[in-house]
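The values are calculated or read from the model by the stated rules, or taken from the named source; none is laboratory data. The shown structure was predicted, so the numbers you read here are calculated from the model rather than taken from an experiment. FYI the Cβ positions are ideal-geometry reconstructions off the backbone, even for glycines, and counts take in every protein chain you see. Just so you know, the surface numbers come from the protein's heavy atoms only, side chains and all, with ligands and any DNA or RNA stripped out. Shrake-Rupley method; radii C 1.70, N 1.55, O 1.52, S 1.80 Å.
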Amino acid sequence: MKSIKNHLSLIVALVSILFSIQIFVIVERSIDAYKQNLANNYSVVVVSQKAITQKEFFKINKLISKVKVLSPDNVIKRLNSDIDKSNMEFLKLTLPKFYKLHLKSYPSPREIKRLRKNLLNNRFITKVEDFSNTHDTIYKLLVLFKNVVLVFAAVVSIVTMLLILKELRIWQFKHNERMSIMGLFGAPTWLRSAVLFRLSIVDAIISSMIVFAIFTVLSSSNWILNQFKNIDISVVIFDNVGDFFILFGISIVLSIILASMIVLGHKEEV
Amino acid sequence: MDRVIVAKNVSLSYTADETIINQANFSVNSGSFVFITGASGSGKSTLLKSLFGAIKLKQGSLVVGGVELSKVSRSKLNFLRRHIGIVFQDYKLVKEWTIEKNIMMPLIINGYEKSVTTNQVESLLKHVRLKHQAGKYPLELSGGEQQRVAMARALSHNPILILADEPTGNLDEYSSELIWKLLEGANTQLETTVIVVTHHIPTSLNVDYKHFHIEYGTINEIN
C-alpha cells in the first residue's frame, strides 16, 4: 500500500506536468490556426499612381503572399450617367490603381509598421490602409491569451517540480538504505541504482499512458470539437504518435533526472 | 601462510583533532580466527569498518586481500567487498526484500547463475534453520532470526574474509550458539578468515584464535 502511494505521487506529478505541457501545445496550435484564419481574411489596401506588378510587390516585403487588383468599375459606374464614354475611358486611365494585399501570416504590429513603411517607400504608392487599430486589438488579445496560458502552464510545472523534489527526498530516504547495503557487498553503482531506474521508468510509462488516454478521450469529445468549430478553426488536439512520443520522452527524461539525482546524492551509510 | 590483512602505522579518526586508533601495526593470516575486544567506544567497530573501506585511513597503510585501502579506487573497493562477508550488529537487511532475496544479494552481485544461487540459498536457509521462513520479510522475524539471515548472507558467496561486528549482541542463547557454530564451520571447513568484534569471547568455541584488545587507541595482541 505504501509502495503504491509512493508510486502514485510520482505518477500524479508527472501526469500534471505532461498535462500542462499538452494544454499549452493545444493553445499554441489553436492560436496559430486562428492567426492563419485571421491572416486569410486580413488584407492591406494600397493606392498607387502607376500599375505595380505582383513580382514588384513581392520584392517590397516578404510577408506579401497574394496581390489582387481592385477594379475601379464600381466607382466609375456611379459616375456613369454624367460622363460620356470617351471621357470615361480617359478617367479609367488617369484613376489611381487600387490593390488588395494578402499576407502569408497574421502580422505583429511591428511587422505591419514595417510593411507600411516599405510600401510608402515606393514612389508610386500614395496611400496604405492597414486597418491597424482593429488588427492591434485582436493581436494583443491573442498574445494576452497565449501569455496567460504560458504563465498557467509554468506555474503548474513549477508546483509539480516542487512535488517531484519532495518525492525525490522520500525516494532518497527509501532507497538510500538498500543502496548502502548493496554497496557494502560490492555492488557497482549501476546495479545499486537499477531498481530505482526501473521504478522511475515504469512510472514514466504509466504517466504517459494516462495522459495518452486522457487526451485520446478529449480529442474525440464533441463539446471540445464544437468549441473549435465555433471559432472556425480545426486543431489537432492530440497526435497519437507525434505528441505521445514527445510526452513520453519528456516523462522518461524527467524520471531519469529524478533517479540520477538520487543516485548522485546517495551517501553510503555504515 | 598468506597474510590476508597487513596494517602498518594505521591511524583512524572521524574528525581531524580526535584519533581513535593510533599507529596500529598488525597482521592477520589467511584462514585464522580473530577476536577484537575492547571497552565500548574503544574503536573496535571503527577498526572493523576500516577493513572494508567504509572509513578512510588518517595515516598509514592497510592492505586487505591484496588491496591497499589507503589509495583505493571505487571499482577496486567494490571488487574487494565482493570477496568479504559482513555481519552487522543491526543486521542491515533490506526490509523490502524477502529473506531469500537478502541472502541471494551477494550472489547476484557476484554474477552467479540462477541455478547456483537458488541451491546455495536453499542450503544456507537449512543451515540457519529458517527454511520455513524463506518468503518472509526481515521485519516479520525476531532479532535472532534476522541475525541468522545476515549470517547466511555473509556466507552465501564463500568469501575469503568474514567481518562480524558484535554478531551475537542482544541475541538469545539459541541464535548466539548457532551463529558461533556457523562462524566456526566457515573457518574450519572452508578456511575462511573470520574477524569478530565482541565484548565476550565464547568459551564453547573449538578453534584456535588470535585475540586483539584495543585500549586507548592502541591495538595489543593477547596470547
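With the charge dipole of chain B set up from +1 on Lys and Arg Cβ and -1 on Asp and Glu Cβ about the Cα centre, the Cα lying farthest toward the positive end among the listed residues B:GLY143, B:ASN9, B:TYR216 is that of B:ASN9. Dipole orientation for chain A: of the candidates A:VAL151, A:LEU38, A:VAL202, A:LEU38 has the Cα lying most toward the positive pole (charges on Cβ; Lys, Arg +1; Asp, Glu -1).
With a cut-off of at most 16 other beta carbons within 10 Å, and DSSP calling the residue loop, which GluC sites (Glu not before Pro) in segment B:146-218 qualify? Please list them. Here the GluC sites (Glu not before Pro) that fit, given the DSSP loop and packing criteria, are B:GLU191. Which one of A:THR216, A:THR94, A:THR160 has the biggest mean-square fluctuation once chain A is modelled by GNM with Cα springs under 10 Å? Per the Cα network of chain A with a 10 Å cutoff, A:THR94 tops the list. Placing +1 on each Lys and Arg Cβ and -1 on each Asp and Glu Cβ, with no other charges, gives the protein assembly as shown a dipole about its Cα centre of roughly 3140 debye. For A:LYS117, a cut-off of 25 angstrom between C-alpha atoms picks up these lysines, skipping any fewer than 8 places away in its own chain: A:LYS35, A:LYS50, A:LYS55, A:LYS59, A:LYS62, A:LYS66, A:LYS68, A:LYS97, A:LYS100, A:LYS104, A:LYS127, A:LYS140.
How far, in degrees from 0 to 90, does helix B:114-127 lean away from the longest principal axis of the Cα atoms of chain B, to the nearest 10? Relative to chain B, helix B:114-127 is tipped by roughly 80 degrees.
Relative contact order of segment B:93-158: 52 percent, from C-alpha pairs under 8 Å at least 6 residues apart in sequence. Tell me which of A:SER65, A:PRO96, A:HIS7 sits at the most positive position along the dipole axis of segment A:1-102, charges placed on C-beta atoms (Lys, Arg +1; Asp, Glu -1). Value computed over the given set: A:HIS7.
Of B:TYR91, A:TYR34, the order by accessible heavy-atom surface (1.4 Å probe, DNA, RNA and ligands excluded), from most exposed downward, is A:TYR34, B:TYR91.
Can you compute the charge dipole magnitude of chain A about its Cα centre, using +1 on each Lys and Arg Cβ and -1 on each Asp and Glu Cβ, nothing else charged? Give it in debye, rounded to the nearest 20. Intermediate values should be presented prior to the final figure.
On the way: 34 positive and 19 negative charges, 199 e Å.
Taking the Cα centre of chain A as origin, the dipole is about 960 debye.
Please figure out what share of the DSSP beta bridges in the protein assembly as shown is antiparallel and state it in percent, rounded to the nearest 5. It would help to have the intermediate numbers written out before the result.
Values: 34 of 53 bridges.
Bridges in the protein assembly as shown are about 65 percent antiparallel.
Under 5 Å from the amide H of B:ARG3 lie the amide H atoms of B:SER30, each residue being 5 or more positions distant or on a separate chain, with H modelled from the backbone and absent for Pro and chain starts. Here the Gaussian network model covers chain A, with springs between Cα atoms less than 10 Å apart; of A:ASN147, A:ASN226, A:ASN74, A:ASN74 fluctuates the most. In a simple Cβ point-charge model (Lys, Arg +1; Asp, Glu -1; nothing else charged), segment B:93-158 has a dipole of about 120 debye relative to its Cα centre.
Return the loop-located trypsin sites (Lys or Arg not before Pro) in segment B:1-103 (DSSP other than H, G, I, E, B) with at most 15 other Cβ atoms within 10 Å of their own Cβ; answer none if there are none. Show your work: numbers first, answer last.
Values: sites: B:ARG3, B:LYS8, B:LYS44, B:LYS49, B:LYS56, B:LYS58, B:LYS71, B:ARG74, B:LYS76, B:ARG81, B:ARG82, B:LYS92, B:LYS95, B:LYS101; in loops: B:LYS56, B:LYS58, B:ARG82, B:LYS92, B:LYS95.
Sparse-neighbourhood loop trypsin sites (Lys or Arg not before Pro): B:LYS56, B:LYS95.
Give me the inter-chain shielding for A:183-194: mean count of other chain Cβ atoms within 10 Å, whole number please.
Values: counts 6, 11, 19, 15, 8, 6, 3, 0, 5, 2, 0, 0.
Averaged over the peptide's residues, the number is 6.
Using a simple spin-label model with pseudo-atoms 7 Å out from Cα toward Cβ, A:LYS92 and A:ARG114 lie 4.0 nm apart. Cross-link partners of A:LYS85 among aspartates and glutamates, defined as those whose alpha carbon lies under 18 angstrom from its own and excluding same-chain residues fewer than eight positions apart: A:ASP73. Do the sum for the protein assembly as shown: with -39,500 (n - 2.57) for every DSSP H run of n ≥ 4, divided by all residues, what is the mean residue ellipticity at 222 nm, to the nearest 500 deg cm²/dmol? After summing the helix terms and dividing by the residues of the protein assembly as shown, the value is -18000 deg cm²/dmol.
GNM on chain B, C-alpha springs below 10 Å: top fluctuator among B:THR15, B:THR117, B:THR198? Answer for the Gaussian network model of chain B: B:THR15.
Going through the cross-link list A:LYS174/B:LYS71; A:LYS113/A:LYS229; A:LYS267/B:LYS95; A:LYS174/B:LYS8, which pairs have a Cα-Cα distance over 27 Å in this structure?
Working: A:LYS174/B:LYS71 31 Å; A:LYS113/A:LYS229 32 Å; A:LYS267/B:LYS95 19 Å; A:LYS174/B:LYS8 39 Å.
Table pairs above 27 Å Cα-Cα are A:LYS174/B:LYS71; A:LYS113/A:LYS229; A:LYS174/B:LYS8.
A DSSP coil position with no more than 14 other Cβ atoms inside 10 Å describes the following trypsin sites (Lys or Arg not before Pro) in segment A:186-270: A:LYS267.
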